[in-house]
Amino acid sequence: LNRGRRENVAIYSVQIPASQAEPMGRRRLHTMAQLALDTGGRAYAMDRTSRLNAVATALSSELHSQYLLGFTPNTFDGEIHRIDVRVKRRGLKAHSRSTYVADVKNP
């Protein structure tokens, strides 16, 4: 998680169950969802492999409709800060990372 934050990458995970009888553990799903949320990616958890095509289509659509916004923090302290991105236009929804690192090395 710390490396993902510092490298400014969005992490996407697709949890595919090993078998129908062996669903993903809650802790693992929570960890992957938190990793995706903090880095601006998404976590997809499938209960069966037959949903793989739908998940891949949704993921592809999201990756093809991204915009990049940038800003300069007031201070470069190397700390983790919360960020909240919003849009004013009705019907649109912003999806972004929830934190960023104001890295001292890469201002």
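Can you tell me which residue in the stretch 9-34 is farthest from ILE83 (Cα to Cα), limited to those that are open to solvent by less than 80 Å² (accessible area, probe 1.4 Å) and modelled with pLDDT under 75? Let's see the steps before the verdict.
Taking the stretch 9-34 as the starting set, the residues that turn out to be open to solvent by less than 80 Å² (accessible area, probe 1.4 Å) are 9-17, 19, 24-25, 29, 31-34.
From what's left, modelled with pLDDT under 75: 17, 19, 24-25.
Working: PRO17: 33, SER19: 38, MET24: 30, GLY25: 29 Å.
Only one residue fits best here, namely SER19.
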* Unique match (being modelled with pLDDT of 85 or more, open to solvent by less than 100 Å² (accessible area, probe 1.4 Å) and not in a loop (DSSP other than H, G, I, E, B)) among LEU63, LEU37 -> LEU63
* For the stretch 63-107, name all the residues that are at negative phi and among the small types (Gly, Ala, Ser). => SER65, GLY70, ALA94, SER96, SER98, ALA102
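Are any residues in the stretch 40-57 more than 8 Å from the chain's Cα centre (by Cα) and not in a helix (DSSP H, G or I), and if so, which ones?
Of everything in the stretch 40-57, those that are more than 8 Å from the chain's Cα centre (by Cα) and not in a helix (DSSP H, G or I) turn out to be TYR44, ALA45, MET46, ASP47, ARG48.
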* Would you point out the residue of the stretch 45-60, among those that are modelled with pLDDT under 85 and either open to solvent by less than 70 Å² (accessible area, probe 1.4 Å) or of a type in the set (Ser, Thr, Tyr) (or both), that is farthest from ASN8 (Cα to Cα)? => SER50
* For residues in the stretch 66-107 being in contact (Cβ under 8 Å) with a residue 40 or more places away in the chain and in a loop (DSSP other than H, G, I, E, B), which is least open to solvent (accessible area, probe 1.4 Å)? -> SER98
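The values are calculated or read from the model by the stated rules, or taken from the named source; none is laboratory data. Just so it is clear, the structure is predicted and the values come from calculations on it, not from any experiment. Methodologically, a virtual Cβ is constructed for each residue, glycine included, from the backbone with ideal geometry; neighbour enumeration extends over all protein chains shown. Note: areas computed on protein heavy atoms with side chains; ligands, DNA, RNA excluded. Shrake-Rupley method; radii C 1.70, N 1.55, O 1.52, S 1.80 Å.
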